[in-house]
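Taking it in order: structure first as structure tokens, then the write-up.
The values are calculated or read from the model by the stated rules, or taken from the named source; none is laboratory data. Note that the coordinates shown come from a computational prediction; the quantities given were computed from them, not determined experimentally. For neighbour counting, all protein chains shown are included, and Cβ atoms are generated from backbone atoms with ideal geometry for every residue, glycine included.
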Amino acid sequence: MGCCESKQAATWKANQISRWRSTGIVALRDAKLKASTFTLFTNLFSLLFPLTFPDEVLDLEKAVRTLDLTHNKLVDIPLEISKLTNMQRLVLADNLIARLPVNLGKLQSLKVMTLDGNQITSLPDELGQLVRLERLSISGNMLACLPETIGSLRNLVLLNVSNNKLKFVPESVGSCFSLEELQADDNLIEDLPSSVFNLIHLKSLSLNNNNVSQIPASLLKDCKALQNISLHNNPISMDQFQQMEGFEEFEARRKKKFDKQIDSNVMISSKGLDEGVDL
């Protein structure tokens with residue numbers, strides 16, 4: 001019986017790796033849970049995923065386009081991940097990762113990186129080498145600052161750094177010219193850099209639960225695409241916000257956005273029309 005199970009496991013493993021290679025998609029979400037569910041492959045999954053990065057994945061090298069290892073117990077990302085040079089999506093949410101490898105910048109094809117719910121305390125300067133990156137989400141970590149090199153991410157559309165320990169957003173973020181959405185809720189941020197007025201494509205800015213007492217005076221005037229600002233539980237007042245230059249134009253954009261949603265029968269959140277300028 002043991003020999004039969006071993007052959008079945010080996011066949012399954014070979015088929016799985018073949019599928020990974022042909023599709024370019026490696027998905028091992030909650031792998032340990034699956035191992036306990038499908039008892040036949042418990043030993044196989046223990047071999048593949050023993051709290052370390054699966055060697056079988058690294059061996060696929062350029063074949064990998066998407067790698068999803070969400071909700072496991074990974075504590076480290078090996079330097080060998082740099083072999084996955086064609087990878088476009090890296091999803092490592094809900095693990096125990098404390099740091100990123102210094103050669104991360106070699107993943108030049110990367111467009112999406114999701115690292116939510118880990119224990120990351122800092123990002124390497126090499127992050128700025130990921131020039132094709134469009135979406136970076138690293139909420140629920142322990143970041144005290146962001147590297148200045150983040151300004152090199154000229155194709156970045158979404159930046160989510162919520163629920164960290166950030167005291168400021170670096171001035172270089174103003175060079176992320178494609179940025180449309182900045183989420184930085186639940187941090188210790190006191191103000192925004194003046195460079196944010198360069199973010200002419202910015203549509204949504206969320207800074208709930210911070211220490212923001214003022215925002216750059218030219219924000220509403222220069223960020224002509226801005227439709228939503230959320231500043232719950234900050235020292236800034238509504239009066240301050242309404243007195244800013246460009247407020248009336250911002251209000252018009254905000255209302256136009258929600259009128260369009262209503263006309264299209266799009267569901268609006270429980271906050272209703274106030275969501276766009278939520279203080």
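Some values worked out for this structure:
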quantity: Test for residue 139: is it among the hydroxyl-bearing types (Ser, Thr, Tyr), in contact (Cβ under 8 Å) with a residue 24 or more places away in the chain and more than 21 Å from residue 77 (Cβ to Cβ); calculated: no
quantity: Selection status of residue 173, assigned to a loop (DSSP other than H, G, I, E, B) and at pLDDT 95 or above; calculated: no
quantity: Matching helices (runs of 4 or more DSSP H) fully within region 1-80 where at least 1 residues are surrounded by 12 or more Cβ atoms within 10 Å (Cβ to Cβ) and modelled with pLDDT under 65; calculated: 2-23, 31-37, 42-48
quantity: Flag if residue 151 is under 25 Å from residue 232 (Cβ atoms) and not in a loop (DSSP other than H, G, I, E, B); calculated: no
quantity: Pairs where the first residue, in region 233-251, is free of Cβ contacts under 8 Å to residues at least 60 places away in the same chain and the second is surrounded by 17 or more Cβ atoms within 10 Å (Cβ to Cβ) and among the small types (Gly, Ala, Ser), C-beta under 9 Å, 6+ apart; calculated: 250/276; 251/276
quantity: Residue check, residue 152 surrounded by 19 or more Cβ atoms within 10 Å (Cβ to Cβ), in contact with a strand residue (DSSP E or B) (Cβ under 6 Å, 6 or more places away or on another chain) and farther than 18 Å from residue 253 by Cβ; calculated: no
quantity: Yes/no for residue 101 being buried (at least 17 other Cβ atoms within 10 Å of the Cβ) and either over 15 Å from the mean Cα position of the chain (by Cα) or at pLDDT below 95 (or both); calculated: yes
quantity: Meets criteria (farther than 13 Å from residue 156 by Cα and touching an Asp or Glu at 6+ places or on another chain (Cβ under 8 Å)) for residue 190; calculated: no
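Here's the yes/no breakdown for (1) under 27 Å from residue 141 (Cα atoms); (2) of a type in the set (A, V, I, L, M); (3) touching a residue at least 60 places away in the same chain (Cβ under 8 Å); (4) buried (at least 17 other Cβ atoms within 10 Å of the Cβ):
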position	(1), (2), (3), (4)
185	yes, no, no, yes
195	yes, no, no, yes
199	yes, yes, no, yes
203	yes, no, no, yes
206	yes, no, no, yes
209	yes, no, no, yes
215	yes, yes, no, yes
218	no, no, no, no
221	no, no, no, no
